[in-house]
1. Looking at region B:27-56, which of its residues are in contact (Cβ under 8 Å) with a residue 12 or more places away in the chain and open to solvent by 50 Å² or more (accessible area, probe 1.4 Å)?
2. Could you tell me which numbered condition B:Thr180 fails, if it satisfies all but one of (1) surrounded by fewer than 24 Cβ atoms within 10 Å (Cβ to Cβ); (2) outside any helix (DSSP H, G or I); (3) more than 17 Å from the chain's Cα centre (by Cα)?
3. Check whether at least one residue in region A:79-97 is at pLDDT 75 or above, aliphatic (A, V, I, L, M), open to solvent by less than 80 Å² (accessible area, probe 1.4 Å) and within 30 Å of B:Ile132 (Cα to Cα), and report yes or no.
4. If you check C:Thr32, C:Thr88, which single one turns out to be among the polar types (S, T, N, Q) and either under 37 Å from the mean Cα position of the chain (by Cα) or crowded, with 16+ Cβ neighbours inside 10 Å (or both)?
5. Tell me the residue from B:Ala153, B:Ala130, B:Ala102 that is open to solvent by less than 20 Å² (accessible area, probe 1.4 Å), within 9 Å of chain A (Cβ to nearest Cβ) and among the small types (Gly, Ala, Ser), please.
6. Is it true that some residue in region A:3-25 is modelled with pLDDT of 75 or more, in contact with a helix residue (DSSP H, G or I) (Cβ under 9 Å, 6 or more places away or on another chain) and not in a helix (DSSP H, G or I)?
7. So, in region B:30-50, how many residues would count as being among the acidic types (Asp, Glu) and more than 7 Å from chain C (Cβ to nearest Cβ)?
8. Please tell me if C:Phe27 is outside any loop (DSSP other than H, G, I, E, B), without any contact (Cβ under 8 Å) to a residue 40 or more places away in the chain and aromatic (Phe, Trp, Tyr).
Amino acid sequence: MELYDIIFYLFAAITLLSAFIVVTSKNIVHSAFNLLFTFFGVTGIYVLLGADFIAVVQLLVYIGGILILLLFGVMLTNRITSVDIRTGTVHIIPAVIGIGILWGALTAIIAFKTNWIVKPADSMEPTTVGLGNLLLTDYVLVFELLGILLLIALIGAASIARREFEELKD
Amino acid sequence: MYNFLTELTGNEIIAAFISAMLPVVFIVPFVIFGVLAERKVSAHIQDRLGPMRVGYHGVLQTVADFFKLIQKEDIIAEGADRKFFNLAPYLVFVGSYAVYAALPFTSTYIGSETDIGLFYIIAVSGFAVAGILMGGWASNNKYSLYGALRSAAQIVSYEIPTALVILSMVMLTGTLSLATMSEMQTAYFWNWNIFGGAEWAFTKLLLIPFMFIAFIILYISTLAEVNRLPFDMPEAESELVAGYSTEYSGMKFAMFFLAEYGNMFAVSALVSVIFFGGYQSPFGYLGNSLGLQWLIPYEQLFWFALKGILFVLVQMWLRWTLPRVRVDQLMTICWKYLIPYSFANLIIIGLITLL
Amino acid sequence: MKQYFKNTWEGLWTVFVGMKITFKHLFVPSVTIQYPDVKVPLPERVRNRLYVNMDDCIGCDQCARACPVECIEIETVKSMPEEDLGKTSNGKKKALWVTKFNIDIAKCCYCQLCVFPCPTECIYMTDVYEFSEFKREDLLYKFSTLSGEETLQKKENFEKFQAEKEAQKAAEIKAKAEAAAKAKAESESKPNSDETKQSEPPKQENS
């Protein structure tokens, strides 16, 4: 389908371009904001692949959660008015060599070892029901464990905040 | 709608664009008259008259203001981060406009018949947060930044009670799709979710008080999410000049305004879909009794708009009733009151649905 | 715990109470007066823009002297004996041409002190309060009814009259002196005429 192709390349371009800026930008806040477009592009690609639930989770968790947290961190920990928030690039040549070798190996494996299957695209169907069923049957243990992990994190955060509060009270 | 347009124009792209643009046709007039209504309501609550001079009783005041805003010089402060400064208002508007994609205006027009409409609506509010943070940071103004940070903290916190209440409603109705949810509350107003849903059983009676609690929690937290008074910490004129929109002028300021009023209607419509049957008429359709099937979508649009506007009016009414809360009070309301109540409500509603 | 629920209930309840109050006010008739269309009636003795009724002004300069900020400027020229300026409304005879009667309302402090000394009650405060101007000069009100040419003419007339009078006086004095001299000459043989020439006043005294 032509329209889908156009949209796909649009999202791919958004993702790659903004990801590039994220890495190269010297201003860390610029990087953080460009991450927004990277996440958004990935969301778009998920939608095009018919993974609607994953797309929305991506939007909710990455843009609504992680990105905002990141921005908060950057904005609250640095002095905002001065232009101190900068990241530099060091050791360019070793990094290029290392990443080049890794990337080359990965692409080689993907390109030559993968058993590509060409078939017409599946019709887009809601995935929520299937996901829900899987989460509460096959993967229920992992699901519950994750829930407990998050609960522990939450309690830990609350206890850290509380201790400080009591110290202040004294 | 999309299919109809595809047949009409013979081109998918054009049809997609037209159906995507339809909410704009609704939002812009709504914003124009919403701003007027806000000023009129505030004026009459304070025993004043409000705008009176443009048109009959000032009805064209916002139109005149709109033209004024278009003509205004677009000022960008020297220390501002130009790229993000220009981008932020549009991002905020995207966040507010994206919500309209999942709202069922009528049974025949819905932007995207996605199965996860509610979830999606919660998720896209992240765009507005990011846009506000971006605008506040790029303005390079401490008031803007304070406003932006406050706004982000507030929206992120109030997303939790919103999500919890929506979760309880999802447990009750068994669907995340707004269209299906509206469909389920059909026929008469006692079938609305606020009166315990369409199923006739003794659980319906049990549910009613908890539905009212859920409705109040959702209404309060959505009020906070769209940064309206009494939760307008991000803009708090008396403290922060105008919060994140301090440095903005002209059309970019208008975009923030458009986003705010668009958001107001969006959350009102969301509340009406979840609890008050969305586009469903409270007493059956005229189209059915007259035998005119084509009339029904228009009636549904009317009811949808009416319910949404009614809740927007209640928002305005609240705005001119309550003083602004303090930041710590804001957080107290959210974390110490709304979240425990919505948790308890979630559990109780879950138990009742199991019965 | 009990306090917690009480707080919640009170918070919610007071919101509804407030909403009830604001809802009532929605239907209270508004107190707004739509100013340019509807004006508030001013009290009787309100002090606003000064006005001078020039028909009654006798040019006595008392208002200008009473003014604490010196915003009134008056210049007068005496009238000819043959000219009749008429009478004021309360029966005073006018004797002066008021060639200049300027009030700089920008300076005026609205104290009304100029109003009381006026013998003919021709200067008074009106209830006009909308007199803003774009230029400062426009706030200088010129009340004199005479045009510039007329003013010049009056001045000229007066000067001519004065000069004539002087001349007449001088002539009279001269005549007197001559008569006196003659009388003296009659009594003495040789009169001294230099004295009379010195006593003659300079010609342009009043310019």
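The values are calculated or read from the model by the stated rules, or taken from the named source; none is laboratory data. It should be emphasised that the depicted structure is a prediction, and the values quoted were computed from it without experimental measurement. Don't worry about glycine lacking a Cβ; one is built from the backbone with ideal geometry, like all the others, and counts go over all protein chains shown. SASA here: full protein model, heavy atoms, side chains in, ligands and nucleic acids out. Shrake-Rupley method; radii C 1.70, N 1.55, O 1.52, S 1.80 Å.
1. Selection gives B:Val28, B:Phe33, B:Arg39, B:Gln46.
2. (2)
3. No; the residues of region A:79-97 include none that is at pLDDT 75 or above, aliphatic (A, V, I, L, M), open to solvent by less than 80 Å² (accessible area, probe 1.4 Å) and within 30 Å of B:Ile132 (Cα to Cα).
4. Among C:Thr32, C:Thr88, only C:Thr88 is among the polar types (S, T, N, Q) and either under 37 Å from the mean Cα position of the chain (by Cα) or crowded, with 16+ Cβ neighbours inside 10 Å (or both).
5. Only one candidate passes the filter, namely B:Ala130.
6. Yes: region A:3-25 contains one or more residues that are modelled with pLDDT of 75 or more, in contact with a helix residue (DSSP H, G or I) (Cβ under 9 Å, 6 or more places away or on another chain) and not in a helix (DSSP H, G or I).
7. Matching residues across region B:30-50 total 1.
8. In short, no.
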